1. Evaluate the distance, in nm, between pseudo-label points positioned 7 Å from the Cα of residue B:19 and of residue A:41 along their respective Cα→Cβ axes.
2. What average count of beta carbons from other chains do you get within 10 Å of the Cβ of residues in B:41-48?
3. Please report, in cubic angstrom per residue, the volume enclosed by the convex hull of the alpha-carbon atoms of chain A.
4. Calculate, in whole percent, how much of the Cα-Cα pair population of segment A:52-93 lies beyond 14 Å.
5. In whole Å, what is the distance between the alpha-carbon centres of segment B:1-60 and segment A:52-71?
6. If the label point is 7 Å along Cα→Cβ of residue A:25, which residues in segment A:55-94 have backbone nitrogen under 15 Å from it?
7. Give me log10 I(q)/I(0) at q = 0.10, 0.16, 0.22, 0.23 Å⁻¹ for chain B, Debye formula, one equal scatterer per alpha-carbon, no solvent.
8. Ratio of Rg to Rh for the protein assembly as shown, alpha carbon only, Kirkwood?
């Protein structure tokens, strides 16, 4: 699986958009970009995933650049409950063990 | 809808003791996974089961065994616990494994916090 690079920490004000970047310059054509988050010590929570096109669901939007070498997760109106560690993961359809390779992620702090 | 349920939530063991961590999912998923997470680190895959009746090693399988009891349940066993196995253990499941045309997310339980003295 392609390696990802994320900033170790970010913050944003409550009510504002949180834009979390991820670089995955070695991504291959059949690999998806996944985003998960982990709130405190809970299990990771799936947020969104995409292949080429931008995606949106009730939680967030995922913007993938045309060359697919980077992406941005957007939380449109961050709340205090969005404070968590956010993981960007690149995963192929039959990658080794179909595992998710978690890096150290971005620790997002939402300020009141 | 419970999703992925792990038991127990907390456990303290002495070195050399054995125990089994239980995981059950109610989403009719084919694939199930066991991960461990050590402080300040990401999750690492221990074992996975692509479908009922199959299991395979992940990244860090040493010291563990697994059983895919049926489609719903996937257990992780520590035969002789060691302090290095102190960790938080997460179970996950996903809808498909072999179908490469669909890439489905994994859904996680809330973890078992295991301390080995």
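Derivation of every value follows stated rules applied to the coordinates shown; laboratory data play no part. Since the model is a prediction, treat every value here as computed from it, not as a measurement. Neighbour counts are summed over all protein chains in view; Cβ atoms, including those assigned to glycine, are modelled from backbone coordinates with ideal geometry.
1. Label-label distance for residue B:19 and residue A:41, simple model: 1.3 nm.
2. For peptide B:41-48, the averaged partner shielding equals 5.
3. 92 Å³
4. For segment A:52-93, the share of Cα pairs beyond 14 Å comes to 55 percent.
5. That distance is 30 Å.
6. Inside the label zone: A:67-71.
7. -0.27, -0.68, -1.25, -1.36
8. 0.97
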